[in-house]
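See structure below.
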Amino acid sequence: MDNVFAVATLAAALRLSIPVAIAALGAVVSERAGVLNLGLEGMMLAGAFAGYSAAEVTGSPWLGLLGGIVVGGLFGLLLAAFVVAGRSNQIVTGISFTLVAGFATALLFQQSYSIGQIPPRIERLGLPALVTVTVAVFAVVAFVLARTTVGLALTAIGEAPEAADALGYRVERTRTVATGASGALAGLGGAMLVCGPLGLFIENVTAGRGWVALALVVFAGWRPVPVAFGAFLFGLSDAVQLRLQGTDTDIPYEVFIALPYVVTLAALVVRARASHTPSALGTPFVRGAT
C-alpha cells in the first residue's frame, strides 16, 4: 500500500484528474445558464482528436491545446444551434452529439492510420504546465461566475430566464455563448488528455470521462472549486487502480478498471441530495410562454 499511495501515484492522480476537471468546468458554465450539455463526452473526444492531430502536424502540444479548444468550441456552438435556437430536446441532442463524435473520430483515425500501424507519439506537456493552465482556467471561470455581471446574468438565466429576460438580459445569446464556452473547455480537456499524460490518440480515448465530468458537476453543486476536488478524487482512484493492476493479486483486472467509476458514483449518491440544480436546467426558453 505504501507503493500505491506514493508521490508518483499522487502525481499520476493530478495528470488524470485535470482533463476531467476542465471538462466538468465546461459543464458548470453551460448548466448554470440552463443548458444541459450531454454532448460533453463527444466534445472531449473531438477535442482530443483535434489536439492530437494539431500537435502531430505542428510538433507543438500548445497548438494541440488550441486545436482542442477551437474544435470543442465549434461543437458547442453547433449544439447551441440545435438546443437554444432550435429548442430541440437537450437530452436526445446531447447524446446524439456524443455518438456522432465517437463515430466521426473513429472513422478519421482509421483513415489516417492503416490497420496495425502504430500512431506516432507526440511531445507531451509536463505536469507543471498542465497544472498552471488548469489553475488559470479555474481562476478565470470562478471569478467570472462569482464576481462579474456576466456571471450573475448567466446564473439568473439558469434559474429564472423569464425574469432575466424582463430585466433586459439576452437569454438565447447568453445560453449560446455559454454552450460554446462549455464545448471549448470540454475540447481543451480532451486535448490535455492526449497532449499531457498519454501523448497519443486511440479510439474512444476519453473512455467515459465526459460522463464522469457530468456526474462531478452534480457532486459539486454546480460550483467550480468542489468540481476540482471531485475530479482529483476520480484521478486518484484511477491512478490507484493502475497501480493495483501491477500487484500480485487474484482479483480480476476489470474490478480495478471499474474502481474510479464506482468511487465517482458513490460520491454522487452521497452529495446528490445536497446539490442545488439550476431551476431552468434543460428547459428551452420561449419568450412570452407561460
- Determine, yes or no, whether L193 is touching a Leu at 6+ places or on another chain (Cβ under 8 Å), assigned to a helix (DSSP H, G or I), within 30 Å of F82 (Cβ to Cβ) and of a type outside the set (K, R). no
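Among the listed residues F97, F109, identify the single one that is aromatic (F, W, Y), in contact with a helix residue (DSSP H, G or I) (Cβ under 6 Å, 6 or more places away or on another chain) and surrounded by 14 or more Cβ atoms within 10 Å (Cβ to Cβ).
F97
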- Message: Can you pull out every residue in the range 122-142 that is more than 17 Å from the chain's Cα centre (by Cα) and exposed (fewer than 12 other Cβ atoms within 10 Å of the Cβ)?
- Response: G126, P128
- Residues located in the range 120-141, provided they are in contact (Cβ under 8 Å) with a residue 12 or more places away in the chain and not in a helix (DSSP H, G or I): P120, R121, I122, E123, R124, L125
- Message: Just the residues that are closer than 17 Å to E172 by Cβ and within 17 Å of the chain's Cα centre (by Cα), please, taken from the range 71-89.
- Response: G76, L77, L78, L79, A80
- Query: Pick from the range 240-261 the residues that are open to solvent by 80 Å² or more (accessible area, probe 1.4 Å) and either modelled with pLDDT of 85 or more or not in a helix (DSSP H, G or I) (or both): which of them is nearest to V7 (Cα to Cα)?
  - Reply: D248
- Item | Qualifying residue in the range 203-211 (condition: touching a Leu at 6+ places or on another chain (Cβ under 7 Å), in contact (Cβ under 8 Å) with a residue 12 or more places away in the chain and assigned to a helix (DSSP H, G or I)) | yes
- Note on the structure: Among the residues of the range 34-45, the number that are in a loop (DSSP other than H, G, I, E, B) and in contact with a Ser or Thr (Cβ under 6 Å, 6 or more places away or on another chain) is 3
- Query: Is one or more of the residues making up the range 48-56 touching an Asp or Glu at 6+ places or on another chain (Cβ under 9 Å), modelled with pLDDT under 95 and open to solvent by 10 Å² or more (accessible area, probe 1.4 Å)?
  - Reply: no
- Query: Are there any pairs with C-beta distances below 6 angstrom linking a residue in the range 46-72 that is in a helix (DSSP H, G or I) to a residue that is open to solvent by 30 Å² or more (accessible area, probe 1.4 Å) and modelled with pLDDT of 95 or more, with the two at least 6 apart or on different chains, and if so which?
  - Reply: A46/V71; A46/F75; G47/V71; A50/V71; A54/L63
- Query: Hey, does the range 220-239 have a residue that's open to solvent by less than 30 Å² (accessible area, probe 1.4 Å), closer than 16 Å to S30 by Cβ, modelled with pLDDT of 85 or more and part of a helix (DSSP H, G or I)?
  - Reply: yes
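The values are calculated or read from the model by the stated rules, or taken from the named source; none is laboratory data. The model shown is predicted, which means the values in this text are computed figures rather than measured ones. Heads up, the Cβs are rebuilt from the backbone with ideal geometry, glycines too, and the neighbour counts pull from every protein chain shown. Side chains included, ligands, DNA and RNA excluded: accessible areas come from the protein's heavy atoms. Shrake-Rupley method; radii C 1.70, N 1.55, O 1.52, S 1.80 Å.
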